[in-house]
1. Could you give every pair whose Cβ atoms fall below 8 Å, whose first residue belongs to the range 138-158 and is more than 21 Å from ALA110 (Cα to Cα), and whose second residue is among the aliphatic types (A, V, I, L, M) and not in a helix (DSSP H, G or I), counting only separations of at least 6 or pairs across chains?
2. Of all residues in the range 53-71 being surrounded by 16 or more Cβ atoms within 10 Å (Cβ to Cβ) and either of a type in the set (A, V, I, L, M) or at pLDDT 90 or above (or both), which is farthest from the chain's Cα centre (by Cα)?
3. Cβ-Cβ under 7 Å, sequence separation 6+ or interchain: first residue in the range 74-87 and surrounded by fewer than 17 Cβ atoms within 10 Å (Cβ to Cβ), partner at pLDDT below 80. Which pairs?
4. I need the full set of residues from the range 43-52 which are assigned to a helix (DSSP H, G or I) and surrounded by fewer than 20 Cβ atoms within 10 Å (Cβ to Cβ), in order please.
5. Just the residues that are surrounded by 15 or more Cβ atoms within 10 Å (Cβ to Cβ) and among the polar types (S, T, N, Q), please, taken from the range 164-180.
6. Pairs needed: first member in the range 121-134, without any contact (Cβ under 8 Å) to a residue 40 or more places away in the chain and more than 17 Å from GLY188 (Cβ to Cβ); second member anywhere, of a type outside the set (Ser, Thr, Tyr) and surrounded by fewer than 19 Cβ atoms within 10 Å (Cβ to Cβ); C-beta distance under 8 Å; at least 6 residues apart or different chains.
7. List the residue pairs whose Cβ atoms are under 8 Å apart, where the first residue sits in the range 28-52 and is at pLDDT below 90, the second is assigned to a helix (DSSP H, G or I) and surrounded by fewer than 16 Cβ atoms within 10 Å (Cβ to Cβ), and the two are 6 or more positions apart or on different chains.
Amino acid sequence: MPLRDLDKALADIVAIRSQIAAGTAFRGYGSATMAATAVVALLTAVVQHFWLEEPGSRPVSFFLGWAAAAVLSSAIILIEMRARTRRHHGGLADAMIHQAVEQFLPAAVAGLLIGIVIWQFAPDCIWMVPGLGQILVSLGIFASARSMPRSVMLAAVWYFLAGFLVLVVSSQSHVLSPWTMGLPFVIGQLLMASILHVASEDEMDG
C-alpha cells in the first residue's frame, strides 16, 4: 500500500473513532470523585475564611488558593477519568477523553483569561470573577451535556443561576468572599455527584 493511501486509511480510522465517540455516552466521570471535589471547595473556603481576613486586599492570595483547588480537583477527576474510561470504553478510551476535555476546555480557558484581564486591567471589578467563573462552568457543562446523562443539565442550570446570584450579591459590597466562590461549587459538585450516582444505578438496573 502506498504511503499516501496508508496515511489516508489511518486518518479515516481516527475520524470513524471520533464519530463513534461523539455518539457514545461518556462514563468517565465518577460520583465519588465529584463529591471529593466538593470537599476540596469546602476546605478551601474554610481555610480562606479563617486565614485570609480581607480577601479584597489580597486578591492574588485569594485566587491562587482557588487555582490550587481547581488544579487539585482537575487532577483527581482526570486520574479517575482515565481509569474509568479505559474500563468502560476500551479501545475508544483516548477518543472519549479527548472529546470530554475538548468540550470543557474553551470555558476553562475563557475563565482563566477573564480573571487575568480583570486583575491586570480592571482590578476594581475583581469582585465579579467568582460569579463569572460559575457562569462559565455552567457553559462548560452545557457543552458536555450531549455525551453525559441528560440530568446534568440541572447542574449546569445551578451554576448559571448561582453565578448571576453571586454577581448580584457581590455588587452590593464589591468585596471578595471565600463563600461566594466556595458555596456554589460545594452545592454544584454534590449535585453532579448525585446525578452521576443515580445514572450509574439506572445503568446497572437496565
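1. SER147/ALA25; MET148/ALA25; PRO149/ALA25
2. PHE62
3. ARG82/ILE97; ARG86/ALA93
4. Here is the first cut: in the range 43-52, the residues assigned to a helix (DSSP H, G or I) are 43-51.
Result: LEU43, VAL46, VAL47, HIS49, PHE50, TRP51.
5. Across the range 164-180, the qualifying residues are SER170, SER177, THR180.
6. Filtered contacts from the range 121-134: CYS125/ILE118.
7. GLY28/ARG82; SER31/HIS197; SER31/SER200; LEU52/SER61
The values are calculated or read from the model by the stated rules, or taken from the named source; none is laboratory data. This is a predicted model, so every value here is computed, not measured. Cβ atoms come from the backbone with ideal geometry, glycine included; neighbour counts cover every protein chain shown.
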